[in-house]
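The values are calculated or read from the model by the stated rules, or taken from the named source; none is laboratory data. Note that the coordinates shown come from a computational prediction; the quantities given were computed from them, not determined experimentally. FYI the Cβ positions are ideal-geometry reconstructions off the backbone, even for glycines, and counts take in every protein chain you see.
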Amino acid sequence: MDILVFCVLIGAIVLLFKTAIIVPAREVAIKEHFGKYAGTLEPGLHILIPFVDKVAYRHEMREQVIEIPTQTCITRDNIQVEVSGDLYIKVVDAYKASYGINNYMSDSIHLAQTTMRSQIGKLDLDTAFSERESVNENIIAEIDKASEPWGVKVLRYEIEEIRPSRNVISTLEQQMEAERKRRAEVTLAEAERISVENVARGERQEQINLSEGERQRTKNVAEGRARAIEILAQASATGIAQVAAAIQKPGGDRAVKMQLVEQFIDEFGQILNQANISVLPADVAQLKTFFEGAARVAEPVRQPTTIKVTR
């Protein structure tokens, strides 16, 4: 009797373990009744009918990260690149995730790879590098639309790396080096052009300054000469006025005659000294006529004369 009770107790415990199920938090389980969907088990303790009910599927309801393996893609400009990324998904319908697709994890990976190849093929290499955010958004939209029947929501996609092949990298490095040299040459040429312009501008300004200085110097010289001529004219006028005043005095005419005779003798003597042959008038007495003519020239000076002196 005791053995029978013990056996019944052991059987009950085994049956309890077989029929009782605990669903952890953030998970759901799919229950089937004779192989047919019988309900979704939420987190907690559930009792199943032995040999009738069973848990067919379990799903993680939290956000999951799927690493997309590296694959080779070809850009629109026929450049091979290796692309990898991460896909973030979440199960929102456990029934569809169980019966709408065989394995939503692996199929999501395949769909992400296919979509990524398609998106990269629409872009040039430079665009693929510079517009990652746009590529990510397009991949999310395509995968989310295709995975809706699976009960899976695509939260985001991040391209981890876009790596060209070794030959492409070498070619890009050569292009970058050539571009740097071109920019350096352009910068050097621009600097040289600016330098030439500055030198030409400086020379032009120097010529302008020299011309301006020469013009000012010529003006100053002309003004100086005009002033000198004016001073000489004033001095001559003053001298003439003084001579005229002296002639008006008693004995002035005789002084003028004497002065003229002295000047003639002085000039005539200088001519004789400088000439190799001395020539004298045939009649030296004819000199009297000269002095008489000089006296007649001085005669009008004795008349009252007004001399205008320009100042």
Please state which one of Pro69, Pro50 is of a type outside the set (D, E, K, R) and at pLDDT 90 or above.
Pro69
Restricting attention to the range 172-218, report how many residues are within 27 Å of the chain's Cα centre (by Cα) and of a type outside the set (Lys, Arg).
25
Of everything in the range 82-113, what is surrounded by fewer than 14 Cβ atoms within 10 Å (Cβ to Cβ), more than 15 Å from Ile66 (Cα to Cα) and out of contact with any Lys or Arg (no Cβ under 9 Å at 6 or more places or on another chain)? Give them in sequence order.
Asn102
The range 35-69, residues that are under 29 Å from Ser170 (Cα atoms) and surrounded by 14 or more Cβ atoms within 10 Å (Cβ to Cβ):
Ile68
Complete set of residues in the range 125-182 that are within 30 Å of Arg62 (Cα to Cα) and touching a Ser or Thr at 6+ places or on another chain (Cβ under 7 Å)
Ile139, Glu142, Ile143, Ser147, Val152, Val154, Glu160, Glu161
Cβ pairs under 6 Å, 6+ apart or interchain, first in the range 128-156 and on the phi > 0 side of the Ramachandran plot and surrounded by fewer than 21 Cβ atoms within 10 Å (Cβ to Cβ), second basic (Lys, Arg) and part of a helix (DSSP H, G or I), ordered by first then second residue, are Gly151/Lys96
Quick check on the range 30-48. Is at least one of its residues more than 23 Å from Val152 (Cβ to Cβ), assigned to a loop (DSSP other than H, G, I, E, B) and touching a helix residue (DSSP H, G or I) at 6+ places or on another chain (Cβ under 8 Å)?
yes
Against the conditions (1) in contact with a strand residue (DSSP E or B) (Cβ under 8 Å, 6 or more places away or on another chain); (2) surrounded by fewer than 14 Cβ atoms within 10 Å (Cβ to Cβ); (3) over 22 Å from Met105 (Cα atoms), where does Arg26 fall short? Just the number, please.
(3)
